[in-house]
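Undergrad: Quick one: this structure, given as structure tokens, is what I'll be asking you about.
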Amino acid sequence: MAYAPSGGQSFLDTDEMECDDLPDERARDGSVVRHGWNEMPAGCLFQEVPVVGHEAAWVLAAAFHTCVGEAASFPAHAQVLAAIEERSNYQVVQVVRVQNIPRAGMHDAFKQVYNIQITRTVYHGTTAESANAISKTGFRGACSQRSKFGKGIYTSSNIWEALAYAQPSPDLTQTFLVVNFLQGPTALGRVEMVDFGIDGAGNQVLTTTNPENTIFCASHGDQLLATYRVSVRFNASIQRTPVAQYTLGCRGAYYHPAIWALVQQNQTLPPPPMPPPSLPSPALFLPPNCGLGHSWAFPSPPAAM
């Protein structure tokens, strides 16, 4: 049985949801109300709300379902955190809900203009500074530096692929965004692709993807709406547990080069300043076929997109 908020949808079903399940913001007594949001005072267009408990557990279980697995029925936030750390050596630092009225309105308008009925949950790994900027001003294609599957804004349905591109801060905090994605008509991408073309039904192609359909290149910033900002920290001061080694290896996990260097050295990290750091980043692939006691051989990091 999958874990879901009371009266809500199983996290295993959040990959594709009807967009109409997320109603527009409404005014009420001088405040703005949107489904799942805290009330915002009149005139307030942007707010970030740290979340814990039930809501945070739901967000984390969806993102790290390869770690949580059947433990997705855990009702407690603490149990989800423990499952993630045991199976990945990642400590969750913070989960923040992003409430951005202008960006949510543009996202909804894009859905209506292009008649997209389905939205899916994807992840975007980046620097902490960029994550903060995206939360406030939205995604901008002009800022993208990747082009492996076309020119656009990259996200992934696989949290490990997204984390592989989340640049660590000096204190090794890494940050990723949980994103509502209006995928729309899609084609297989290619390097430096700019014009995504038209599909067989005569519709404008909005998204390109990789052959595995796990990496997405969006042509428009309003296809994407940041809903949560999550920070995690890899605990490199201890060796990975057998459970973490098995789980990450069999699930095809990636590490950012800076994190991987610490894993190799088994280097003890200095105590983090104030609140501990955040999440994972880009680069090292663990082989998909593995088992406990496997003799590990790691290929080079995947090519930058």
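Undergrad: Given a Förster distance of 51 angstrom, what is the FRET efficiency for residue 42 paired with residue 86, based on the Cβ-Cβ distance and rounded to 0.05? Mind dumping the intermediate values first?
TA: Details: r = 45 Å, r/R0 = 0.89.
Using R0 = 51 Å, I get an efficiency of 0.65.
Undergrad: When the Karplus curve 6.51 cos²θ - 1.76 cosθ + 1.60 is applied with θ = phi - 60°, which whole-Hz ³J(HN,Hα) does each residue of segment 84-101 get, with x for Gly and Pro?
TA: 5, 5, 5, 9, 9, 6, 9, 9, 7, 9, 7, 10, 10, 7, 9, 10, 10, 5
Undergrad: So, how do all the Cα-to-Cα distances of segment 59-134 break down into 10 Å bins, in percent, from 0 on up?
TA: Here the calculated profile for segment 59-134 is 15, 35, 30, 18, 1.
Undergrad: Based on the Cβ-Cβ distance of residue 190 and residue 76, what FRET efficiency does E = 1/(1 + (r/R0)^6) give at R0 = 51 Å, to the nearest 0.05? Walk me through the numbers before you get to the answer.
TA: On the way: r = 46 Å, r/R0 = 0.90.
So the FRET efficiency works out to roughly 0.65.
Undergrad: So what's the net charge close to residue 48: Lys and Arg +1, Asp and Glu -1, counting the other residues with Cβ under 15 Å from its Cβ?
TA: Values: positive: 34, 97, 103, 136, 229; negative: 39, 55, 129.
Counting the neighbours of residue 48, the net charge comes to +2.
Undergrad: Any idea what % of Cα-Cα pairs in segment 129-195 are farther than 20 Å? Don't skip to the end; give the middle numbers.
TA: On the way: 757 of 2211 pairs.
More than 20 Å apart: 34 percent of the Cα pairs in segment 129-195.
Undergrad: What distance in nm separates the two pseudo spin-label positions at residue 109 and residue 263, each 7 Å out from Cα along the beta-carbon direction?
TA: Once both label points are built, they end up 4.3 nm from each other.
Undergrad: Cut-off is 10 Å between beta-carbons; in what order do 85, 48, 161 appear when sorted fewest neighbours first?
TA: On the way: 85 20, 48 15, 161 25.
Ranking 85, 48, 161 by Cβ neighbours within 10 Å, fewest first, gives 48, 85, 161.
Undergrad: Any chance you could run the full-extension gain for residue 117 through residue 137? It's 0.36 nm times the residue separation minus the Cα-Cα distance, nm to one decimal. Working shown, then result.
TA: Values: separation 20, 0.36 × 20 = 7.20 nm, distance 2.44 nm.
Net length gain for the segment: 4.8 nm.
Undergrad: Continuing with the same structure: Using every alpha carbon pair in segment 39-193, what percent of pairs falls into each 5 Å bin from 0 up to the bin containing the largest distance?
TA: 2, 8, 14, 19, 21, 16, 12, 6, 2, 0
Undergrad: Could you work out the local net charge near residue 92, counting Lys and Arg as +1, Asp and Glu as -1, over the other residues with Cβ closer than 15 Å to its Cβ? Please list the in-between numbers first.
TA: Details: positive: 87, 97, 229, 233; negative: 55, 85, 86.
With Lys, Arg at +1 and Asp, Glu at -1, the net is +1.
Read-outs: derived from the displayed coordinates by stated rules, not from any lab. Note that this is a predicted model, so its numbers are computed, not measured. Using ideal geometry, Cβ is built from the backbone for each residue, glycine included, and neighbour counts are taken over all protein chains shown.
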